[in-house]
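Asks: Dumping the structure here so I can ask a few things about it.
The values are calculated or read from the model by the stated rules, or taken from the named source; none is laboratory data. Remember, it's a predicted structure, so these values are computed and weren't measured experimentally. All Cβ positions, glycine included, derive from the backbone under ideal geometry; neighbour counts span all protein chains shown. For accessibility, only protein heavy atoms count, side chains too; no ligands or nucleic acids. Shrake-Rupley method; radii C 1.70, N 1.55, O 1.52, S 1.80 Å.
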Amino acid sequence: MSEKALRLIPDFDLTARNTLALAAQSRLGYVLEDTAQLPALVAEAGRLGLPLRILGGGSNVVLSRNYEGITAIIATRGRSVLAETRDHVLIGAAAGETWTEFVAWTVRNGFGGLENLAGIPGTVGAAPVQNIGAYGAEIADVFHNLTAFDRETGEIIIFSADECAFAYRDSIFKHRPGRYVVLTLRLALPRPWQPNLRFAGLSELASLPDLTPAMVMDRVVAIRASKLPDWRVTPNAGSFFQNPIVSVQEADAVSALVPEAPRFVQADGRIKLSAGWLIEQSGLKGFALGKAGTSERHALVVVNRGGAAAEDIGAIAAHIKARVFERFGVQLHEEPVFC
Ligand SMILES: Cc1cc2nc3c(=O)[nH]c(=O)nc-3n(C[C@H](O)[C@H](O)[C@H](O)COP(=O)(O)OP(=O)(O)OC[C@H]3O[C@@H](n4cnc5c(N)ncnc54)[C@H](O)[C@@H]3O)c2cc1C
């Protein structure tokens, strides 16, 4: 199939297609609205000898300034209620649906289960890639299965939750980068609805009469707005580092330096530390390095201060990691994908 038939866009500008607003171009681009075009796109990339990069909303990536390949934006649409049983509502959505709109749609239809994940930017298809999570919930909690295109074999595969190997901000898809393109996602929302109010800021809702998923969603969105800078105003990629999960000995070493260091015991006995706290304690909240910086509101959020490109973000990330390691001996790992 020719470039014309697929309407590949030359010098595809991605500056407005990533929430860090990094100056970024791709040699060719494609907006994929129909998954049936995917095999032809993969074949075309092979014919041209170019790599093919998949993007959704660009909210968890640090895009290189010039990508010598094809960037495909997943823009497929569609969402529906697939089945309703006594115990569950099974819902499905295409990968290109906007996650926040999808969550709002479920809540509008009276289905609870996704309200704690409201307000997370990006697409439905990327949500299982890093097992998105917030406010005591993660997508793995309600995951049913997903359909993906295997770029190596050309097959369409259904992945169960076990096959996705979900963990904290992790899944099989992060370990096979680029191999699978998520096409559709199915979630099983439990009935009756059980609100998840464990997280600070939500627990006081427990006393409200007639609590609904919409009320929880509104609270989650309000808390997020009060804590995180709006990426449309201050471009960012959300939490820039994962919360490190360390051994008890490593956590004790941090507590020996600062006794009130937050620590959360995990099911396997290891300790989750707060990356934002470690960065703030290293004196880097509201810190600037060239065109990049950390948010004055939240040390964990790296921001584009104006005109930044990937190298500026890489430089500040390296600086933060070095300072936190020097102070606490803890190694941070970036959450967004550099690509
Ligand atoms: C302000 C802000 C707040 C955020 N808050 C949270 C939060 O609370 N919790 C959280 O978990 N995350 C959070 N994030 C991160 C981000 O929103 C999520 O990771 C989101 O799922 C990324 O979706 P996307 O469509 O933008 O993915 P992209 O950034 O476009 O892509 C991310 C990765 O997924 C791959 N990918 C994208 N689509 C597909 C597909 N269909 N098939 C296969 N691979 C694909 C890409 O190749 C890339 O490797 C936040 C980000 C921002 C900017």
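Asks: Looking only at the stretch 58-85, count every residue that is within 9 Å of the ligand (Cβ to nearest atom) and either touching a Gly at 6+ places or on another chain (Cβ under 6 Å) or modelled with pLDDT under 95 (or both) and tell me the total.
Replies: Going through the stretch 58-85 one residue at a time, the tally reaches 3.
Asks: Give me the residue from the stretch 89-130 that is polar (S, T, N, Q) and open to solvent by less than 30 Å² (accessible area, probe 1.4 Å) and, out of that set, farthest from VAL181 (Cα to Cα).
Replies: Going through the stretch 89-130, the residues polar (S, T, N, Q) turn out to be 98, 100, 106, 109, 116, 123, 130.
Within this subset, residues satisfying the condition of being open to solvent by less than 30 Å² (accessible area, probe 1.4 Å) are 106, 116, 123, 130.
Working: THR106: 24, ASN116: 26, THR123: 13, GLN130: 13 Å.
It comes out as ASN116.
Asks: For the stretch 191-211, does any single residue satisfy the condition of being closer than 30 Å to ILE73 by Cβ and either away from the ligand (no atom under 12 Å from the Cβ) or surrounded by fewer than 12 Cβ atoms within 10 Å (Cβ to Cβ) (or both)?
Replies: Residues of the stretch 191-211 closer than 30 Å to ILE73 by Cβ: none.
There is no residue in the stretch 191-211 that is closer than 30 Å to ILE73 by Cβ and either away from the ligand (no atom under 12 Å from the Cβ) or surrounded by fewer than 12 Cβ atoms within 10 Å (Cβ to Cβ) (or both).
Asks: Working only within the stretch 308-339, note down all residues that are small (Gly, Ala, Ser) and either within 23 Å of ALA21 (Cβ to Cβ) or modelled with pLDDT under 95 (or both).
Replies: Matches in the stretch 308-339: ALA308, ALA309, ALA310, GLY314, ALA315, ALA317, ALA318.
Asks: Report, ordered by the first and then the second residue, all pairs with beta carbons closer than 6 Å, sequence separation of six or more or different chains, a first member in the stretch 126-137 that is within 6 Å of the ligand (Cβ to nearest atom), and a second member that is outside any strand (DSSP E or B) and open to solvent by 30 Å² or more (accessible area, probe 1.4 Å).
Replies: GLN130/ARG169
Asks: Tell me the residue from ALA251, ALA237, ALA188 that is of a type in the set (A, V, I, L, M, F, W, C), crowded, with 18+ Cβ neighbours inside 10 Å, under 30 Å from ALA36 (Cβ atoms) and touching a strand residue (DSSP E or B) at 6+ places or on another chain (Cβ under 9 Å), please.
Replies: Values: ALA251 fails: under 30 Å from ALA36 (Cβ atoms); ALA237 fails: under 30 Å from ALA36 (Cβ atoms).
From the options ALA251, ALA237, ALA188, the qualifying one is ALA188.
Asks: Among the candidates LEU55, LEU22, which residue alone is in contact (Cβ under 8 Å) with a residue 24 or more places away in the chain and more than 30 Å from ARG219 (Cα to Cα)?
Replies: Going through LEU55, LEU22 in turn, the sole match is LEU22.
Asks: Something else now. Just name the residue that is surrounded by the most Cβ atoms within 10 Å (Cβ to Cβ) out of those in the stretch 138-151 that are within 11 Å of the ligand (Cβ to nearest atom) and of a type in the set (Val, Ile, Thr).
Replies: ILE139
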